[in-house]
Amino acid sequence: MLAVLESAVLDAHDRRGPMALNLIVVAAIALATTWRRRSPLVFVLVVGVLGAVMNAFLVELKSSPLIGAYLIVVPTYSIAVWAERRQAVGGLALFIGGAGTSQLIAERGQLGTFAGGAFTICGSWAAGRAIRSYRLLTASLSQTNERLALEREARARLAVAGERSRVARELHAAIAGSVTAMVVQALGALRLLEVASDRADEAMAQSSRRGAQRWVTCGGCSGCSGTAAAP
């Protein structure tokens, strides 16, 4: 930007004042671009003041369309994109007022073609506000999508935890029933020891097989492996 604006000053056909002063003012205008995001209002004020000085006393905007386009479009677009609404509206009003005053001084009391410049200023400002709204909407939608993704992951984790709990409850119920049956068989075997030892051995063997079967079934489940040793 510095190189382009400096070359525009050198090519201007209606240049007033010392060449060095023209180059210094244009260099300050170009370097002020570094503030357009961090301090858009300061950028607009600096560029507006320097542009008014240049238009009134140095290179007129009509003699250098490139500098004129920069001074009209870039500051108003920057403050519209990077500033809040109140600051953006205030910066636009200040810039239009300063541009009108500069035009009156340059034209010696005649506004001339200022209406066209004001229309261009307002157009670039409106374009900047539209782009800012689009960026804010895009950022809001991105945040919403991130929240939805996190909520889906949380629901999935809850569903997995609920399924594990259900399986664990079913296994615990099955194990509890098996333990009850084993206790009943053991009690029956104790009663049969005195009258029928063969039947008592068979009842104890069935109880042992049932316990071994439930141990194998529960041992494959991480949800109840901690309680598998109870039977």
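The values are calculated or read from the model by the stated rules, or taken from the named source; none is laboratory data. Just so we're clear, the structure is a prediction, and the values are computed from it rather than from any experiment. Here the Cβ positions follow ideal geometry from the backbone for every residue, glycine too, while neighbour counts run over all protein chains shown.
For the structure I just gave you, tell me whether VAL25 is closer than 23 Å to GLY123 by Cβ and either modelled with pLDDT of 85 or more or among the aromatic types (Phe, Trp, Tyr) (or both). No, not satisfied.
Residue pairs whose Cβ atoms lie under 6 Å apart, separated by 6 or more positions or on different chains, with the first residue in region 82-96 and hydrophobic (A, V, I, L, M, F, W, C) and the second loosely packed, with under 15 Cβ neighbours inside 10 Å, are TRP82/ARG37. Scanning region 20-76 for residues that are of a type in the set (Val, Ile, Thr) and not in a helix (DSSP H, G or I) turns up just one, VAL59. All of GLU153, GLU170, GLU60, GLU146 fail the test of being of a type in the set (Asp, Glu) and either crowded, with 17+ Cβ neighbours inside 10 Å or in the same structural domain as ARG36 (by TED's automatic domain parsing) (or both), apart from GLU60. Quick check, is ALA203 at pLDDT below 80 and not polar (S, T, N, Q)? So ALA203 passes the test. Hey, does region 133-140 have a residue that's modelled with pLDDT of 90 or more, in contact with a helix residue (DSSP H, G or I) (Cβ under 9 Å, 6 or more places away or on another chain) and not aliphatic (A, V, I, L, M)? Yes, some residue in region 133-140 is modelled with pLDDT of 90 or more, in contact with a helix residue (DSSP H, G or I) (Cβ under 9 Å, 6 or more places away or on another chain) and not aliphatic (A, V, I, L, M).
The sole residue among GLY91, GLY117, GLY98 that is under 21 Å from PRO40 (Cα atoms), in contact with a Ser or Thr (Cβ under 8 Å, 6 or more places away or on another chain) and at pLDDT below 90 is GLY91.
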